[in-house]
1. Of S79, S57, S73, how do they rank once you tally other Cβ atoms within 10 Å and put the fewest first?
2. Note the full-extension length gain between S57 and I84 as 0.36 nm times their separation in residues minus their Cα-Cα distance, in nm to one decimal.
3. In region 1-67, which GluC sites (Glu not before Pro) are in a loop and have at most 14 other Cβ atoms within 10 Å, using DSSP for the loop call?
4. Per residue of the chain, what 222 nm ellipticity follows from adding -39500 (n - 2.57) for every DSSP H run with n ≥ 4, rounded to the nearest 500?
5. Among L81, L39, L11, whose mean-square fluctuation peaks in a Gaussian network model of the chain (Cα, cutoff 10 Å)?
6. At what distance in nm do the modelled label points of L92 and I21 sit from each other, each positioned 7 Å from its Cα along Cα→Cβ?
7. Can you tell me which lysines have their Cα less than 18 Å from the Cα of K2? Leave out same-chain residues fewer than eight positions away.
8. V68's amide H: which non-local residues (gap 5+, or another chain) put their own amide H closer than 5 Å, with H modeled 1.01 Å from N in plane and none for Pro or chain starts?
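Bear in mind that the values in this text are calculations on the coordinates, not laboratory data. None of the values given here were measured: they were computed from a predicted structure. Quick reminder, even Gly has a Cβ in these numbers, built from the backbone with ideal geometry, and neighbours come from all protein chains shown.
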Amino acid sequence: MKRTIFLTPGLVELGDQMEIIHTQIAQKLIEKKIDVVILIQTKGTNFIQKYFDKYFSNKMKSDFFPTVLTFESAQIAHSQLKKILKQGDIILFQNDLTDNYL
């Protein structure tokens, strides 16, 4: 079965829009029923996780729930991809910047 996977360290340089934009990203991931969400821990992805926690705590168990994996760095997340990915998966790397930029 083909899965959709989204990997992100979040977006940078959003100023006072950081929470709003990352909340919108979280909403889209749920709306599009992304199977696996891989978050690199940053200020931005904290907002995505916060939205997921709130959204999924208020939903019934029969609703869609993505698998959410969180890693401390992009390097660690990338090193785990061989264990996560399965044949036929589609993965989108959003804003795949180096950790030094964050």
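1. Exposure proxy ranking, most exposed first: S57, S79, S73.
2. The span from S57 to I84 would gain 7.2 nm if fully extended.
3. Numbers: sites: E13, E19, E31; in loops: E13.
Here the sparse-neighbourhood loop sites are E13.
4. On the way: 3 runs with 40 residues, N = 102.
Value at 222 nm, helices only, nearest 500: -12500 deg cm²/dmol.
5. Per the Cα network of the chain with a 10 Å cutoff, L81 tops the list.
6. 1.6 nm
7. The qualifying lysines are K32, K33, K82, K83, K86.
8. The list, which skips near neighbours in sequence, is V37.
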